[in-house]
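J.: Next up is a structure, given as structure tokens.
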Amino acid sequence: MKVIKVDHIGIAVKSIDETRKLYEEVLGLKYEGSETVEEQKVTTAFFPVGDSEVELLESTAPDGPIAKFIEKRGEGIQHIAFRVENIEEALEELKQKGIRLIDEKPRIGAGGAKIAFLHPKSTFGVLVELCERSDD
Ligand code: ZN
């Protein structure tokens, strides 16, 4: 498998509206708008930084994964996403190497990217997302 770069860092927040002030007004990043992925009960907002992005994640429901994360650990970094060349190939290879996968098959995330999560039990406590985008 080939990891191309850190695609983005996912940060769980209670409110994108509240948090974006920090990223926009204090850090001077550009807000690229938000997108709700209903199936994952999440609204995401992207802020490009150089070759990577910051992704803010706000839950759309009290039982969504982001709401549960905040309940347990508070707001903060939730996952790191690596962009890969071929996500199906990467998942197959990781599976063969004994890495536990949350998603055996990629699903469609924000921006139409193909994404899949690896289990933190296999990655020393870090929730790792793989993503493949067509704009490479
Ligand atoms: Zn992500």
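What follows is calculated from the coordinates using simple rules that are stated; it is not laboratory data. Computed from a predicted model, the values in this text were never measured in an experiment. We place every Cβ from the backbone using ideal geometry, glycine too, and count neighbours over all the protein chains shown.
J.: Return the residues of segment 121-136 that are closer than 21 Å to F46 by Cβ and either part of a loop (DSSP other than H, G, I, E, B) or within 12 Å of the ligand (Cβ to nearest atom) (or both); say none if nothing qualifies.
T.: Step one: of segment 121-136, the residues closer than 21 Å to F46 by Cβ are 126-136.
If the condition is that a residue be closer than 21 Å to F46 by Cβ and either part of a loop (DSSP other than H, G, I, E, B) or within 12 Å of the ligand (Cβ to nearest atom) (or both), then V126, L127, V128, E129, L130, C131, R133, S134, D135, D136 are the ones that fit.
J.: From the list L94, L118, which one is away from the ligand (no atom under 16 Å from the Cβ), on the phi < 0 side of the Ramachandran plot and in contact with a Leu (Cβ under 7 Å, 6 or more places away or on another chain)? Outline the logic, then answer.
T.: Values: L118 fails: away from the ligand (no atom under 16 Å from the Cβ).
Sole residue among the options that is away from the ligand (no atom under 16 Å from the Cβ), on the phi < 0 side of the Ramachandran plot and in contact with a Leu (Cβ under 7 Å, 6 or more places away or on another chain): L94.
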